[in-house]
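Below is one structure, written out as structure tokens, with a few remarks after it.
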Amino acid sequence: MDIPALKAHSESLVGIRHDVKWGGVDVYSVHQTKMVCIFYDGEKMACKVPEDLFIMMAEIPDCRPAPHLARAGWIEFGKNCPLPTVEIENIISRSWHLVVDKLPKYVQKSLRPVGAEA
């Protein structure tokens, strides 16, 4: 898992804000405080995954329901996660869409170009 590449991908998403919170956790949020993904312990990251993928993702080696965020559908990816970086980038992009889908329509329109709905 290439953490610098995943952080760069996170920063490339429309409307993303990067903050460092909770003693060194990199948090990527959209529309104020709606978290898309977090990076912590130097070698772990977590993000929201689609409900239909949650159980499957939790069964991948070195992936598990994210502590404190599992109820919200978040999965933690450890440093030995076998998924390729590009696949995790796709998961982060899906996380962005899941978060944006819950925002007010006027905010969604400002974040998504015309014709780019999920």
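The values are calculated or read from the model by the stated rules, or taken from the named source; none is laboratory data. Remember, predicted model here, so these are calculated numbers, not experimental data. We place every Cβ from the backbone using ideal geometry, glycine too, and count neighbours over all the protein chains shown.
State whether the residues of segment 66-75 include one that is charged (D, E, K, R), out of contact with any Cys (no Cβ under 8 Å at 6 or more places or on another chain) and modelled with pLDDT under 90.
no
Which residue pairs have Cβ atoms under 7 Å apart, sit 6 or more places apart or on different chains, and have a first residue in segment 46-59 that is farther than 21 Å from Thr85 by Cβ and among the charged types (D, E, K, R) and a second that is at pLDDT 90 or above and surrounded by 15 or more Cβ atoms within 10 Å (Cβ to Cβ)?
Note: pairs meeting the criteria are Glu51/Gly73.
Considering only segment 81-88, I want to know if a residue exists there that is outside any loop (DSSP other than H, G, I, E, B) and over 22 Å from Leu13 (Cα atoms).
No, segment 81-88 contains no residue that is outside any loop (DSSP other than H, G, I, E, B) and over 22 Å from Leu13 (Cα atoms).
For Arg71, work out the one condition from (1) closer than 24 Å to Pro104 by Cβ; (2) assigned to a loop (DSSP other than H, G, I, E, B); (3) basic (Lys, Arg) it doesn't fulfil.
Only one criterion is unmet by Arg71, namely (2).
Working only within segment 41-61, note down all residues that are assigned to a loop (DSSP other than H, G, I, E, B) and touching a strand residue (DSSP E or B) at 6+ places or on another chain (Cβ under 7 Å).
Selection gives Val49 alone.
Report, by residue number, each residue of segment 1-15 that is crowded, with 17+ Cβ neighbours inside 10 Å, part of a loop (DSSP other than H, G, I, E, B) and either of a type in the set (A, V, I, L, M, F, W, C) or under 13 Å from the mean Cα position of the chain (by Cα) (or both).
Met1, Leu13
What pairs come up if the first residue lies in segment 84-99 and is in contact (Cβ under 8 Å) with a residue 12 or more places away in the chain, the second is in a helix (DSSP H, G or I), and their beta carbons are under 7 Å apart, counting only those six or more places apart or on different chains?
Thr85/Ala5; Thr85/Leu6; Ile88/Leu6; Glu89/Leu6; Glu89/His9; Ile92/Leu6; Ile92/His9; Ile92/Ser10
Would you please name the residue that is farthest from the chain's Cα centre (by Cα), looking only at residues in segment 16-41 that are surrounded by fewer than 16 Cβ atoms within 10 Å (Cβ to Cβ) and among the acidic types (Asp, Glu)?
Asp41
How do the pairs read when you match residues in segment 66-81 that are touching a residue at least 24 places away in the same chain (Cβ under 8 Å) with residues anywhere that are small (Gly, Ala, Ser) and surrounded by 16 or more Cβ atoms within 10 Å (Cβ to Cβ), using Cβ under 8 Å and keeping only pairs 6 or more apart or on different chains?
Trp74/Ala46; Trp74/Ala66; Ile75/Ala46; Ile75/Ala66; Glu76/Ala46; Glu76/Ala66; Phe77/Ala46
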